Amino acid sequence: MAKPRVVFVLGAPGSGKGTQCEKIVQHFGYTHLSAGDLLRQERNDPASEVGQLIHNYIKEGKIVPVEITCGLIEKAMVKSGKSKFLIDGFPRNHDNLSGWNEQMGEKAEVAFVLFVECPEEVCTERILKRGQSSGRTDDNIESLRKRFNTYTKETVPIVRHYDQLEKVRKINGGTGRTPDEVFEDVKQMFQ
Ligand code: C5P
Ligand code: MG
């Protein structure tokens, strides 16, 4: 059997990763796995032994150890029975990247990284708006500052790493652009 094909989707919090992933799923038949969603699901499971740990990391905008996150991702990949995946919000730091390479390097093919660019002010405005109804413990200004800090310090270098491998496809998800306008550009990357 062919190795599963993976597209990583990276960008700042509020850049529109999840929104674009939903559209990619509809048009191109990928299976969308959000690392953040998988972690939140695990946190909400009363039987989980790592629920409290995940809760603390998310609130502080810190990146959960890869053993947990990559374990959840692989489990979801296997359970889906599918072979084309969008993995959104991963790998977010060096630990994520090396853990993935160790655990999944031989098992999956990373086709490219879709990088959604968006200025911080635009992201902030979107997240604070989302926070009014998302119920997320980290969609508030205090957590958001920490998430941006983590993004700049830890995630941007990962994008740079993939850029050096010529695996980054960058799109403009920023100022004044509607999700549909952004998707017009995203489409080109998948055809
Ligand atoms: O991508 P999303 O905004 O849903 O991620 C929310 C939080 O989940 C992150 O701020 C981080 O605490 C955690 N997370 C993580 N490792 C990932 C993805 C998300 O620790 N690879
Ligand atoms: Mg998301």
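None of the figures in this text is laboratory data; all of them are computed from the coordinates on show. Note that the structure is predicted; figures quoted are calculated from it, not measured.
For the reader, a short list of remarks on this structure follows.
- Percentage relative contact order, segment 82-191, counting C-alpha pairs under 8 Å, at least six apart: 38 percent
- Counting only DSSP H runs of at least 4 residues, each contributing -39500 (n - 2.57), and dividing by the residue count of the chain, the helix-based mean residue ellipticity at 222 nm comes to -16500 deg cm²/dmol.
- Rel. contact order, % - alpha carbon contacts under 8 angstrom, at least six apart, segment 12-89: 45 percent
- Only aspartates and glutamates eight or more places from residue 82 in sequence, or on another chain, were considered; those with a Cα closer than 14 Å are 74, 109.
- When each of 62/187; 17/84; 62/153 is checked by Cα-Cα distance, pairs over 22 Å: 62/187
- Across the chain, C-alpha contacts under 8 Å between residues 6 or more apart give a mean separation that, scaled by the residue count, equals a relative contact order of 35 percent.
- Value of Rg to Rh for segment 1-88, rounded to two decimals, is 0.98; Kirkwood radius and Rg both from alpha-carbon coordinates.
- Taking one quarter of the surface of the convex hull spanned by the alpha-carbon atoms of segment 127-191 gives a direction-averaged projected area of 5.9 nm².
- Comparing 166, 74, 22 in a Gaussian network model of the chain, where Cα atoms under 10 Å apart are tied by springs, the biggest mean-square fluctuation is seen for 166.
- GNM top mover of 78, 25, 66 - the chain, alpha-carbon springs below 10 Å: 78
- Qualifying aspartates and glutamates (Cα of each under 15 Å from Cα of residue 23; at least 8 residues distant if same chain): 88, 180, 181, 184, 185
- Relative compactness, the chain, computed as alpha-carbon Rg over 2.2 N^0.38 Å: 0.98
- Rg/Rg_ref, segment 81-156, where Rg_ref = 2.2 N^0.38 Å and atoms are Cα: 1.33
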